[in-house]
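*Asks:* Provided herewith is a single structure, encoded as structure tokens, for subsequent inquiry.
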Amino acid sequence: MKPVNVGLLGLGTVGAGVVNLLTENRDEIVRRAGRDIHITRAAVRNPDKARECAVDGMQIGSDCQVIVDDPEIDVVLELIGGDGLAFDLTMAAIERGKHVITANKHLIALHGNAIFAAAERNNVVVSFEAAVAGGIPIIKAMRESLAANRIEWVAGIINGTGNFILTQMRFEGVSFEYALADAQRRGFAEADPTFDIEGIDAAHKLAIIGSIAFGIPLSFERVYTEGIRYLASADIAYAARLGYRIKPLGIAKRTPEGVELRVHPTLVPEKALLASVEGEKNAVMVYGDAVGPTVYYGAGAGAGPTASAVVADLTDTIRVLSTDPSGRVPHLAFQPDQISDAPVLDRADFECGHYLRVQVADQTGVMAAMTRVLADLEIGIDAILQEDPPTTEDDAHVIVVTKSAREGRVLEAIARIEAFDFARKSLVHIRVAHFED
Ligand code: NDP
Ligand code: HSE
């Protein structure tokens, strides 16, 4: 059979990883795909730069448009990143009848609704397995393997850089800045690493997860997002004393009122599976009503793992080249006319446990006043701790872990506690999650 011609947009960490993988595992991949694969062209910003892969046989230039316009190219791999040029090129490729594979969660989270509509109009497939959790086949698992289930919730460590930084700080005692620079050097971080440390990258991925899990439109702008940037080492230590690890989690949950979509550092019981996921590794738990909890673990970033997902999409795409478009797996798991309008909830409606730490004047009555506030708002307490903070002599830290409570009530409790004269600074608030492993 005629080989499939592929055009590469971008030849950085992921692009070079794809070329290397297609070289190293060529025979296995072709045996699976059923057709040979030729990368005929690649476009990069600087064609003179040395590459981390062999580039024989491909024409390399800086004009991306040449690739989407080339009638000989069947499949375009978008591995540039961002949502500007990448969006224009993806739409142009689709309009020209080419299948597109991307690792770009930013692109899919912001423009996926328009991209998938265009793909359906043009009978092409847009694949994005690498966009969520790198090498872990979580899109395929949720979209195909769990198709019989009503998915109740998904919770995962979906930013490798953030998890790597917290792990390095905890086990190697390095600073936040040092750990971030290390993640950048290893190729895990985004071109703009604030996307990693402020939770935006995880929010992009969670928007995609939420749509596939619940059959709702991509709703990135509705994802509540907090990063790991301002996490204090004191809270990591107190959490450990209380039997928890702090992990950067993305949580998508179905509730009777709508859907919770949230990304934030989270206390996880130290015996929970997610607590033991370290370094750049990702793990995603999916709870389906028939199957119960399932867990998917692996490398969430890096050249090889990400290329693994991109090339798997390429293999699938080659298999569907001749398939009747109406029989293909829908982009967002549900048939396009079955996408629901379930509301994405506001932060005040989220329900989970809460870790609250407040620095207080070391005087009598503080604990009683705080517990009264919580009792008045019907917020139950799981654990309470009073400690001397490491730096000041006169103050104390009071740490409370609540039972599951509506966030709106907890925000009211925080406001009331911060208004006491004994409260020295803004209260630290981190959510707590208990999962059925
Ligand atoms: P890199 O920065 O390593 O590579 C980007 C590539 O795009 C480079 O080859 C660059 O060219 C090229 N490029 C950038 N701008 C232009 C332009 N205007 N015209 C032509 N070429 C351009 O990024 P990554 O490989 O790390 O990431 C690529 C995508 O994969 C992103 O969407 C990222 O979020 C996603 N991703 C990355 C993962 C990772 O572990 N790195 C994991 C999962 C997803 P040049 O080399 O000349 O500068
Ligand atoms: N910057 C991302 C991460 C790359 O660290 O998870 C993988 O999407």
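*Asks:* Scan around residue 244 for amide H atoms under 5 Å from its own, H built in the peptide plane at 1.01 Å from N, and keep only partners 5 or more places away or cross-chain.
*Replies:* 270
*Asks:* Just to be sure I understand the curve: with the Debye formula and one point per C-alpha of the stretch 350-432, what is log10 I(q)/I(0) at q = 0.18 Å⁻¹?
*Replies:* With no solvent term, the Cα-only Debye profile gives -0.67.
*Asks:* Taking every alpha carbon pair in the stretch 23-86, what does the distance histogram look like in 5 angstrom bins from 0, in percent?
*Replies:* Histogram of Cα-Cα distances, whole percents per bin: 3, 13, 23, 24, 19, 12, 5, 0.
*Asks:* Same structure again: With labels modelled as points extended 7 Å from the Cα through the Cβ direction, what inter-label distance (nm, one decimal) is found for residue 241 paired with residue 411?
*Replies:* 3.0
*Asks:* Then there's this: Suppose R0 equals 41 Å. What FRET efficiency, 1/(1 + (r/R0)^6) with r the Cβ-Cβ distance, do residue 369 and residue 289 give to the nearest 0.05?
*Replies:* 0.40
*Asks:* Provide 161, 371 in ascending order of the number of other Cβ atoms located within 10 Å of each residue's Cβ, fewest first. Don't skip to the end; give the middle numbers.
*Replies:* Working: 161 27, 371 15.
With the sparsest Cβ surroundings first, the list reads 371, 161.
*Asks:* Would you mind getting me the FRET efficiency between residue 385 and residue 346? Use the beta-carbon distance for r and R0 = 30 Å, nearest 0.05.
*Replies:* Once rounded, the FRET efficiency stands at 0.50.
*Asks:* Report relative contact order for the stretch 138-299 in percent, whole number only (criteria: Cα-Cα under 8 Å, sequence separation at least 6).
*Replies:* Result for the stretch 138-299 is 34 percent.
*Asks:* A further question on this structure: Quick one: what Rg and Dmax do you get for the stretch 155-272 from the alpha carbons, in Å?
*Replies:* 14.7, 44
*Asks:* Based on other C-beta atoms within 10 Å, arrange 108, 251 from fewest to most.
*Replies:* Going from sparsest to densest Cβ surroundings: 251, 108.
*Asks:* How do 127, 322, 233 rank when sorted from fewest to most other Cβ atoms within 10 Å of their own Cβ?
*Replies:* Ordered from fewest to most neighbouring Cβ atoms within 10 Å, 127, 322, 233 come out as 322, 233, 127.
*Asks:* Let me ask you something else. For the chain, list the DSSP H helices whose alpha carbon atoms reach 20 Å or more along the long axis and whose average Kyte-Doolittle value is 0.5 or above?
*Replies:* On the way: long enough: 105-121 (22 Å, 0.36); 200-214 (21 Å, 1.33); 303-320 (25 Å, 0.65).
Going by DSSP H runs, the hits are 200-214, 303-320.
*Asks:* In µm²/s, what is D for the stretch 298-437 at 10 °C and 1.306 mPa s, where D = kT/(6 pi eta Rh) by Stokes-Einstein and Rh is the Kirkwood radius from Cα pairs?
*Replies:* Using the Kirkwood radius from Cα pairs, D works out to 82 µm²/s.
*Asks:* Normalised by the residues of the stretch 350-432, what does the relative contact order come to in percent, with Cα pairs under 8 Å and at least six apart?
*Replies:* Working: 150 pairs, mean separation 41.2, N = 83.
Value for the stretch 350-432: 50 percent.
*Asks:* Right, here's the next one. Hey, got the Cα dimensions of the stretch 203-337 along the principal axes, in Å, largest first?
*Replies:* Per principal axis, max minus min of the Cα coordinates gives 58, 40, 30 Å.
*Asks:* Something else now. So between residue 59 and residue 36, what do we pick up on full extension, going 0.36 nm a residue minus the alpha carbon distance?
*Replies:* Full extension from residue 59 to residue 36 adds 6.5 nm.
*Asks:* Tabulate in residue order the Karplus-calculated ³J(HN,Hα) for the stretch 335-349, using 6.51 cos²θ - 1.76 cosθ + 1.60 with θ = phi - 60°, rounded to whole Hz; enter x for Gly and Pro.
*Replies:* Calculated HN-Hα couplings, in order: 4, x, 7, 10, 5, 9, 10, 4, x, 8, 6, 6, 3, 4, 8 Hz.
*Asks:* Could you work out the relative contact order of the stretch 53-191, using alpha carbon pairs under 8 angstrom and six or more residues apart, expressed as a whole percent?
*Replies:* So the answer I get is 15 percent.
*Asks:* Follow-up question, since we're still on this one. What span do the alpha-carbon atoms of the stretch 1-118 cover on each of the three principal axes, reported in whole Å from largest to smallest?
*Replies:* Cα spread of the stretch 1-118 along its principal axes, largest to smallest: 36, 34, 24 Å.
*Asks:* How much of the calculated P(r) for the chain lies past 28 Å, in percent of all Cα pairs?
*Replies:* Counting pairs separated by more than 28 Å, the tail of P(r) holds 52 percent.
*Asks:* Explain nothing, just compute: Karplus ³J(HN,Hα) = 6.51 cos²θ - 1.76 cosθ + 1.60, θ = phi - 60°, for every residue of the stretch 279-293 in order, whole Hz, x for Gly and Pro.
*Replies:* Karplus-based 3J(HN,Hα) across the stretch 279-293 equals x, 7, 5, 10, 8, 10, 9, 10, 9, x, 5, 7, 7, x, x Hz.
*Asks:* Give me, ordered by chain and number, the residues 5 or more places off residue 383 or on other chains with an amide H under 5 Å from its own placed amide H.
*Replies:* The answer is 401.
*Asks:* Hey, another quick one. Counting helices only, and only those DSSP H runs with n ≥ 4, report the 222 nm mean residue ellipticity of the chain as the sum of -39,500 (n - 2.57) divided by its residues, in deg cm²/dmol to the nearest 500.
*Replies:* The helix-only estimate for the chain comes to -10000 deg cm²/dmol at 222 nm.
*Asks:* List the chymotrypsin sites (Phe, Trp or Tyr not before Pro) within the stretch 58-166 that fall in a DSSP loop (any state other than H, G, I, E or B) and whose Cβ has at most 11 other Cβ atoms within 10 Å.
*Replies:* none
*Asks:* If the chain between residue 85 and residue 270 were fully stretched, how many nm would it gain, using 0.36 nm times the residue separation less the Cα-Cα distance?
*Replies:* Going from the current span to full extension adds 62.3 nm.
*Asks:* Here is a further query. Amide H neighbours of residue 60 under 5 Å, counting only residues 5+ apart in sequence or on other chains, H built in-plane at 1.01 Å?
*Replies:* Placed amide hydrogens put 42 under 5 Å from residue 60.
*Asks:* Based on alpha-carbon atoms only, what is the radius of gyration of the stretch 60-199 relative to the globular estimate 2.2 N^0.38 Å?
*Replies:* Taking N as the residue count of the stretch 60-199, the ratio is 1.23.
*Asks:* Here's a follow-up. May I have the extent of the alpha carbons of the stretch 298-356 along their three principal axes, as whole Å values ordered from largest to smallest?
*Replies:* 54, 36, 12
Readers should treat all values here as calculations from the given coordinates under stated rules, not as data from a laboratory. Bear in mind the structure is a predicted one, so any value in this text is a computation, not a measurement. Here the Cβ is made from the backbone with ideal geometry for all residues, glycine too, and neighbour counts use every protein chain on show.
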